[in-house]
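A quick write-up on the structure given underneath.
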Amino acid sequence: MKERAFAGNGRTSVFESMQKEEYDLLVIGGGITGAGIALDAASRGLRTAVVEMQDFAAGTSSRSTKLVHGGLRYLKQFEVKMVAEVGKERAIVYENGPHVTTPEWMLLPIYKGGTFGSFSTSIGLRVYDYLAGVKRSERRKMLKVGATLQKEPLLKKNGLLGGGYYVEYRTDDARLTIEVMKRAVEFGATALNYAKVEKLVYDGNGRVCGASVTDLLTGETGEVRAKAVVNATGPWVDTLREMDRSNHGKKLRLSKGIHLVIDQSRFPLQQAVYFDTDDKRMVFAIPRDGKTYVGTTDTFYDGDKANPTMTEADRKYVLDAINFMFPETRLTEKDVESSWAGIRPLIYEEGKNPSEISRKDEIWQSASGLITIAGGKLTGYRKMAEDTVDLVARRLQGRVQAGACRTKGMAISGGEVGGSARLETYASRVAGEGKAAGLSAEASLRIARFYGSNAERVYRYGDAAEAERLGLPLDLYMRVRYAVEEEMAAKPVDFFIRRTGALFFDIETVRRYKAGVIVLMQELLGWSDESAARYAAELDDAVRDAVVPQDLQGVGAR
Ligand SMILES: Cc1cc2nc3c(=O)[nH]c(=O)nc-3n(C[C@H](O)[C@H](O)[C@H](O)COP(=O)(O)OP(=O)(O)OC[C@H]3O[C@@H](n4cnc5c(N)ncnc54)[C@H](O)[C@@H]3O)c2cc1C
């Protein structure tokens, strides 16, 4: 990677250089879909630029259930091809980035009168294993009542018949996106956040050949030119198609899903569970970093695409679902520490409710040549990127030579730890350097596991005196420096949400250290006091949105 090519304080020069070149490919949208396409294209030798109007992953790609999964429930809808394809991708995503993805045994309790009966679960999970090509040690097991309750004692006992036990993968969606984007940049892609496409640019024949882009942090505007343009804007794909005057035929229908985060002291779930709600929907409850998170809802949505938040009804729905399946917990709204809401960019199907609409992806091409990638899942990002770039390569044939897709066995940034089986050995080995940089053994290991093969780069930012001056723990100080200098974090919300996930899973750290982090970011990024105050207020708003339902804000709620 070119020095400072992905630095928060190098954004201006990135934008300048973007306007000087003609790229082979311009990708609009820096979620997992855009990041995947950028990596695929750059690694095939295409000169690639990516623009993202918010922070990378600030759209749907930081707001999912954070599972790399084949979508067991889609088998009920006979989406065999999609389950097979996406299911197979799970192992690839894991192998290429074991520091951001972990196998997670999932318990599917079976109840009298529930969605999944014992027989259908047994068959369904076997088909799932077969379609996804699951290795022997990870194939499904069927459990009797006693064994099911041993796995998760908090489950409702009434009507329990047993359980299915199978492997999914847990990830950090935003970190996955950032690591894919960093790898794309290592391959020479140019990527910029807070860079909004205002309009598309066309040549004399009406073919799309670039975009007019505004840097939303400086107000600067410029043109980015490219031989091919891909619209990877998730929930916004129709907005871009409107700009292109090609928004006819199939369209998106957005659906919102929320998750609640509860401390393990109130919801000591020991095992990930995929369960039926009272109204026969499927919900996940997943233990993670001392918390349990639960979701999701699935309701059609027409509100602000950039800032979906939970409502009181959403919160009640998920709390009711928890109390229905884990009756001893007796959770109330006071137990909710944090939350997030996301919107699914579903391809509309007449007469279907949100849960029934297919999650498959489609590529659309307009008369001007704009390529739109719509729908899909986080899990299938690599394959979606391969299909999209195959199309781009065919388009560019004769003008630009693109190589074959290489991403199947390619580590993402931080993933070069010698394969998934060696992550722990790698982390223990490299953690010694963190200790030498002044960290405790525990903090050092935590960083090694989190950043994988980039951990040594993070440790290099160790400066105990500076951390002390700012009142920050040394590991937090290192992480802020790394996020700003090497992951293009440009605002406090970027750091606390997309670079660390702290706003969801460690909101106390946000409250406790936000002042020190903002001072450090102000120094690194050269903000005026006014900008610093604005960014601090933006972070406070994000904390409030995570805690207080949107419709209760301003009515005296906490
Ligand atoms: C509640 C929920 C749970 C989910 N759970 C899972 C799961 O467990 N596993 C799974 O595999 N999938 C899951 N998904 C689906 C998955 O999250 C999405 O398919 C995926 O994140 C979509 O990524 P994307 O890059 O296409 O869209 P986004 O992440 O939304 O990225 C699009 C980006 O385009 C940018 N953009 C828009 N307009 C412009 C413009 N004019 N100029 C520049 N940039 C622009 C936006 O700011 C945005 O960041 C879930 C989705 C939801 C909502």
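Table: residues versus (1) within 26 Å of VAL389 (Cα to Cα); (2) at pLDDT 95 or above; (3) within 15 Å of the ligand (Cβ to nearest atom).
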position: THR239; (1), (2), (3): yes, yes, yes
position: ARG253; (1), (2), (3): yes, no, yes
position: HIS259; (1), (2), (3): no, yes, yes
position: SER265; (1), (2), (3): no, yes, no
position: GLN271; (1), (2), (3): no, yes, no
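Of all residues in the range 455-481, those satisfying the criterion of being crowded, with 22+ Cβ neighbours inside 10 Å and either under 21 Å from the mean Cα position of the chain (by Cα) or of a type in the set (Asp, Glu) (or both) are ALA455, ASP475, ARG479, VAL480. Counting only helices (runs of 4 or more DSSP H) that sit wholly inside the range 460-558, those with at least 3 residues that are within 30 Å of ILE258 (Cβ to Cβ) and not acidic (Asp, Glu) are 474-486, 502-505, 507-525, 529-547.
Just to be sure before I move on: is PHE324 among the aromatic types (Phe, Trp, Tyr), at pLDDT 95 or above, surrounded by 14 or more Cβ atoms within 10 Å (Cβ to Cβ) and over 19 Å from the mean Cα position of the chain (by Cα) in the structure I sent?
Considered against the rule, which asks whether it is among the aromatic types (Phe, Trp, Tyr), at pLDDT 95 or above, surrounded by 14 or more Cβ atoms within 10 Å (Cβ to Cβ) and over 19 Å from the mean Cα position of the chain (by Cα), PHE324 comes out as yes.
Only a single criterion out of (1) at pLDDT 95 or above; (2) within 16 Å of the ligand (Cβ to nearest atom); (3) among the β-branched types (Val, Ile, Thr) is not satisfied by THR296, namely (1). Only a single item in (1) out of contact with any helix residue (DSSP H, G or I) (no Cβ under 7 Å at 6 or more places or on another chain); (2) in the same structural domain as ARG394 (by TED's automatic domain parsing); (3) not aromatic (Phe, Trp, Tyr) is not met by LEU378, and it is number (1).
More than 9 Å from the ligand (Cβ to nearest atom) and assigned by TED's automatic domain parsing to the domain that holds ALA232: does that describe GLN19? In short, yes.
Scan the range 41-58 residue by residue and report those that are in a helix (DSSP H, G or I) and touching a strand residue (DSSP E or B) at 6+ places or on another chain (Cβ under 9 Å). Of everything in the range 41-58, those that are in a helix (DSSP H, G or I) and touching a strand residue (DSSP E or B) at 6+ places or on another chain (Cβ under 9 Å) turn out to be ALA41, ALA42. Remark: pairs (first residue in the range 223-236, more than 24 Å from ARG359 (Cα to Cα); second residue among the aromatic types (Phe, Trp, Tyr) and more than 11 Å from the ligand (Cβ to nearest atom); Cβ separation under 6 Å; 6+ apart in sequence or on different chains) = ALA226/TYR23.
Scan the range 125-180 for residues that are closer than 30 Å to MET488 by Cα and part of a helix (DSSP H, G or I) and jot them down. First the steps, then the outcome.
Let us first name the residues in the range 125-180 that are closer than 30 Å to MET488 by Cα, namely 169-180.
Those that are closer than 30 Å to MET488 by Cα and part of a helix (DSSP H, G or I): ASP173, ALA174, ARG175, LEU176, THR177, ILE178, GLU179, VAL180.
Taking each residue of the range 46-66 that is basic (Lys, Arg) and looking for partners that are in a loop (DSSP other than H, G, I, E, B) and within 7 Å of the ligand (Cβ to nearest atom) with beta-carbon atoms closer than 9 Å, six or more apart or interchain, yields ARG63/ALA57.
Of all residues in the range 397-423, those that are part of a helix (DSSP H, G or I) and either crowded, with 18+ Cβ neighbours inside 10 Å or modelled with pLDDT under 95 (or both) total 4.
Matching residues to (1) under 25 Å from the mean Cα position of the chain (by Cα); (2) part of a helix (DSSP H, G or I); (3) within 30 Å of GLY117 (Cβ to Cβ):
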position	(1), (2), (3)
GLY206	no, no, no
GLY210	no, no, no
THR218	no, no, no
GLU223	no, no, no
VAL229	yes, no, no
PRO235	yes, yes, no
HIS259	yes, no, yes
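Evaluate the following for THR379: is it within 16 Å of the ligand (Cβ to nearest atom), crowded, with 16+ Cβ neighbours inside 10 Å, of a type in the set (Val, Ile, Thr) and not in a helix (DSSP H, G or I)? Write out each step before concluding.
Numbers: within 16 Å of the ligand (Cβ to nearest atom): yes; crowded, with 16+ Cβ neighbours inside 10 Å: yes; of a type in the set (Val, Ile, Thr): yes; not in a helix (DSSP H, G or I): no.
No, not satisfied.
If you go through the range 362-374 and keep only what is surrounded by fewer than 23 Cβ atoms within 10 Å (Cβ to Cβ) and near the ligand (Cβ under 8 Å from one of its atoms), you end up with nothing.
Answer yes or no as to whether VAL417 is out of contact with any Gly (no Cβ under 7 Å at 6 or more places or on another chain) and of a type in the set (Val, Ile, Thr). Steps first, answer last, please.
Working: out of contact with any Gly (no Cβ under 7 Å at 6 or more places or on another chain): no; of a type in the set (Val, Ile, Thr): yes.
When the stated conditions are applied, VAL417 does not pass them.
All of (1) in contact (Cβ under 8 Å) with a residue 60 or more places away in the chain; (2) in contact with a Lys or Arg (Cβ under 8 Å, 6 or more places away or on another chain) hold for SER13 with one exception: (1). Do we have any residue at all in the range 284-302 that's in contact (Cβ under 8 Å) with a residue 12 or more places away in the chain, of a type in the set (Phe, Trp, Tyr) and surrounded by fewer than 17 Cβ atoms within 10 Å (Cβ to Cβ)? So far as the range 284-302 goes, yes, one or more of its residues are in contact (Cβ under 8 Å) with a residue 12 or more places away in the chain, of a type in the set (Phe, Trp, Tyr) and surrounded by fewer than 17 Cβ atoms within 10 Å (Cβ to Cβ). Among the residues making up the range 194-204, a single one is within 10 Å of the ligand (Cβ to nearest atom) and outside any strand (DSSP E or B): TYR194.
Under the condition of being surrounded by 15 or more Cβ atoms within 10 Å (Cβ to Cβ), more than 9 Å from the ligand (Cβ to nearest atom) and of a type in the set (Gly, Ala, Ser), the residues counted in the range 214-235 number 3. Across the range 12-30, a minimum of one residue is classified as within 18 Å of SER61 (Cα to Cα) and assigned to a loop (DSSP other than H, G, I, E, B).
Hey, does the range 518-527 have a residue that's more than 19 Å from GLY59 (Cα to Cα), of a type in the set (S, T, N, Q) and without any contact (Cβ under 8 Å) to a residue 24 or more places away in the chain? Walk me through it before giving the result.
Here is the first cut: in the range 518-527, the ones more than 19 Å from GLY59 (Cα to Cα) are 518-527.
Okay, now just the ones that are also of a type in the set (S, T, N, Q), so 522.
Going one step further and asking which of them are without any contact (Cβ under 8 Å) to a residue 24 or more places away in the chain, we end up with 522.
Yes.
The values are calculated or read from the model by the stated rules, or taken from the named source; none is laboratory data. Everything quoted here is computed from the prediction, not taken from an experiment. A quick note on method: Cβ atoms are made from the backbone with ideal geometry, for glycine too, and the neighbour counts reach across all protein chains shown.
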